[in-house]
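Computed from the coordinates by the stated procedures, all read-outs in this text should not be read as laboratory data. If you're wondering where the values come from, they're calculated on a predicted model, not measured in any experiment. FYI the Cβ positions are ideal-geometry reconstructions off the backbone, even for glycines, and counts take in every protein chain you see.
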Amino acid sequence: MPSILHLALAIAVTLTPVRSAPTPEPASSIAAGTPLTTYKCFTGTSFPTTYLPFDQLLSINKPFISQRNSDATVENIISAIKSVAVSSSVRTELILAQIMQESGGDLSRVGDSGKSLGLMQAQITAEAPVRCDPGQCTMDDIQGMLQQSVSGHTGAGAPVSPGIAFDLESYGTGAALRVYNTGHLPDPNNFQTATTCSTSSYVSDVANRLLGLSPDVFPSPQDLQSLCGFVPATIC
């Protein structure tokens, strides 16, 4: 989930009059292939340069999203991903992978001791509550929820969470994911370096989702510690 420490980055945003959209990764970084069947440890600054295409990732993850939502809601989530991807220039594949990492497609998921909510665990504020009752989330609700997480939202007059699009303006994808989860980049040479309440395996987890690892074979945090040396996240 995005950390409240994004506030420090947000101050810089308020001082910048024009914020350009991030440049999409080259089309050659998307290619159909064989999905991973076992978890691959991405350590240090390693991150895949080629992802599976959105339709292939969707076919892998849609059954799990459907466990939590009606068919109509699932289609709204898919449409919202595509719409927000166009407006933000953030790839559909990355948005879907983060949704699966953050909530597994659960619109009502609450985390960070009640501070984060929704598909990508946006920070809750009075200006951006990102709340809707299960089974009653409209297309506008879902799109707004994703827009807040991808492009950022405000709170008390300043951006609380600038969003993954902002992070991608300044960093490569792996580093941007660490910033999204932690609020800053603790160690530019090791994306597994995390802080309290953030997830050491976050960057590697999203990488595996981009390579098609199915949610039903994802290792537990304890297994990831044995397999890759990732420290389980502190529950906050």
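Model label sites at Leu227 and Gln136, defined 7 Å from Cα along the beta-carbon direction, differ in position by 3.9 nm. Compared with the direct C-alpha span, the chain from Ser108 to Gln67 gains 13.4 nm at full extension, assuming 0.36 nm per residue. Between Asp187 and Ser29, the FRET efficiency estimated from the beta carbon spacing at R0 = 22 angstrom works out to 0.35. Taking 7 Å steps out from each Cα toward its Cβ at Glu75 and Thr38 produces label points 4.1 nm apart.
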